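Notes follow once the structure below has been shown.
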Amino acid sequence: MARRTKSKPNRKKSAPAAATPKPAMTTARRKSAALLAKAVPPPAKPIVRAPAQRRLVVGITGASGVIYGIRLLESLKGSGIESHLVLTRPAEMTIVYETAYTPQQVKALADKVYPIADIGAAIASGSFQTLGMAVMPCSMKTLAEIATGVTGNLLSRAADVTLKERRRLVLVPRETPLHLGHIRNMASVTEMGAIVAPPMPGFYAQPQTLDDVINHTVGRVLDLFGIDSGLVKRWNGKPRKDV
Ligand SMILES: Cc1cc2nc3c(=O)[nH]c(=O)nc-3n(C[C@H](O)[C@H](O)[C@H](O)COP(=O)(O)O)c2cc1C
């Protein structure tokens, strides 16, 4: 019987472990640290900017009540909060039908205006920081786009981005009466984190004019972003003495 010999692995004699790091290694590290310092210089300004960006995206669609969106832009003007406007083609038509403004005059109220087809605009990306977005008024068509995520233009894409970034999205839908599809879409967007705020006047504020009604609704929407516009006649908890 042949004796099996254990084959030894062909190992080379290992060099004795160095007690201290080689001087060549230290030099390499020093070189790479110097390179890194050159490539990534210390920031000239603090990296963290505070407070969070003060930008609000405003969407105006072709539903009735474009005056709400216009008043929102007017309220933001000079407030220190930048308005970033996108409006649909039907919104431009409704502006002409319902108000004394031209679409150009409405656009001039905003700090920044984006073409509806410019899907590469800043507001189409979540990396562009904002406080959130208000769609005011919001048509049933745009509501459906947001509810399904089938975002066919910059307005619904910006709303979709607002939702995915878990920022505040306030939709002011205008339609009546509602069919079940409308109601289901409102439920869907609510489940996704949006706030549905229909423009329903609060008569406790005792509005005297249409302007009072519009201001109250716009002010309550701004409340949802933590912005006190001064437009809201607030309930002070003191009813009339004879009640
Ligand atoms: C004067 C006018 C008023 C309208 N009012 C409403 C409305 O209150 N609600 C609604 O959902 N659509 C309304 N529409 C229809 C929308 O403009 C239409 O559905 C359009 O496709 C919406 O597109 P958009 O969401 O891209 O703006 C109105 C249209 C016009 C011309």
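The values are calculated or read from the model by the stated rules, or taken from the named source; none is laboratory data. Quantities reported herein were computed from a predicted structural model and do not represent experimental measurements. Here the Cβ is made from the backbone with ideal geometry for all residues, glycine too, and neighbour counts use every protein chain on show.
The table below lists the values:
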quantity: Check on LYS233, touching a helix residue (DSSP H, G or I) at 6+ places or on another chain (Cβ under 6 Å) and over 13 Å from ALA134 (Cα atoms); calculated: yes
quantity: Flag for LEU87 being at pLDDT 95 or above, closer than 21 Å to SER125 by Cα, within 16 Å of the ligand (Cβ to nearest atom) and not β-branched (Val, Ile, Thr); calculated: yes
quantity: Single residue of the range 114-123 satisfying the filter (crowded, with 17+ Cβ neighbours inside 10 Å and in contact with a His (Cβ under 8 Å, 6 or more places away or on another chain)) that is farthest from GLU92 (Cα to Cα); calculated: ILE123
quantity: Pair list, Cβ < 9 Å and 6+ apart or interchain, from the range 223-243 residues that are at positive phi to residues that are surrounded by 10 or more Cβ atoms within 10 Å (Cβ to Cβ) and small (Gly, Ala, Ser); calculated: GLY230/SER75; GLY230/GLY219
quantity: Subset tally (residues that are over 9 Å from the mean Cα position of the chain (by Cα) and surrounded by 21 or more Cβ atoms within 10 Å (Cβ to Cβ)) for the range 124-138; calculated: 4
quantity: Top-ranked residue of the range 124-140 - restricted to ones that are touching a residue at least 24 places away in the same chain (Cβ under 8 Å) and among the polar types (S, T, N, Q), ranked as nearest to the ligand (Cβ to nearest atom); calculated: SER139
quantity: Near pairs, Cβ below 9 angstrom, 6+ apart or cross-chain, from the range 76-87 (closer than 15 Å to LEU131 by Cβ) to any residue that is among the acidic types (Asp, Glu); calculated: LEU76/GLU82; LEU76/ASP111; ILE81/ASP111; GLU82/ASP111; SER83/ASP111; HIS84/ASP111; LEU85/ASP111
quantity: Any hit, the range 141-153, residues being assigned to a helix (DSSP H, G or I), over 19 Å from ILE123 (Cα atoms) and within 11 Å of the ligand (Cβ to nearest atom); calculated: yes
quantity: Search result, residues across the range 142-180 that are among the hydrophobic types (A, V, I, L, M, F, W, C) and in contact (Cβ under 8 Å) with a residue 40 or more places away in the chain; calculated: LEU143, ALA144, ILE146, ALA147, LEU154, LEU155, ALA158, ALA159, VAL170, VAL172
quantity: Qualifying residues in the range 99-122 (those that are part of a helix (DSSP H, G or I) and away from the ligand (no atom under 16 Å from the Cβ)) - the one farthest from GLY69 (Cα to Cα); calculated: ALA122
quantity: Tally of residues being under 23 Å from ARG166 (Cα atoms) and assigned to a helix (DSSP H, G or I) across the range 74-98; calculated: 1
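Residues are listed down the side, and each one gets a yes or a no for (1) within 30 Å of TYR114 (Cα to Cα); (2) surrounded by 14 or more Cβ atoms within 10 Å (Cβ to Cβ); (3) under 25 Å from the mean Cα position of the chain (by Cα):
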residue	(1), (2), (3)
ARG168	yes, yes, yes
GLU175	yes, yes, yes
GLU191	yes, no, yes
ASP211	yes, no, no
VAL232	yes, yes, yes
GLY237	no, no, no
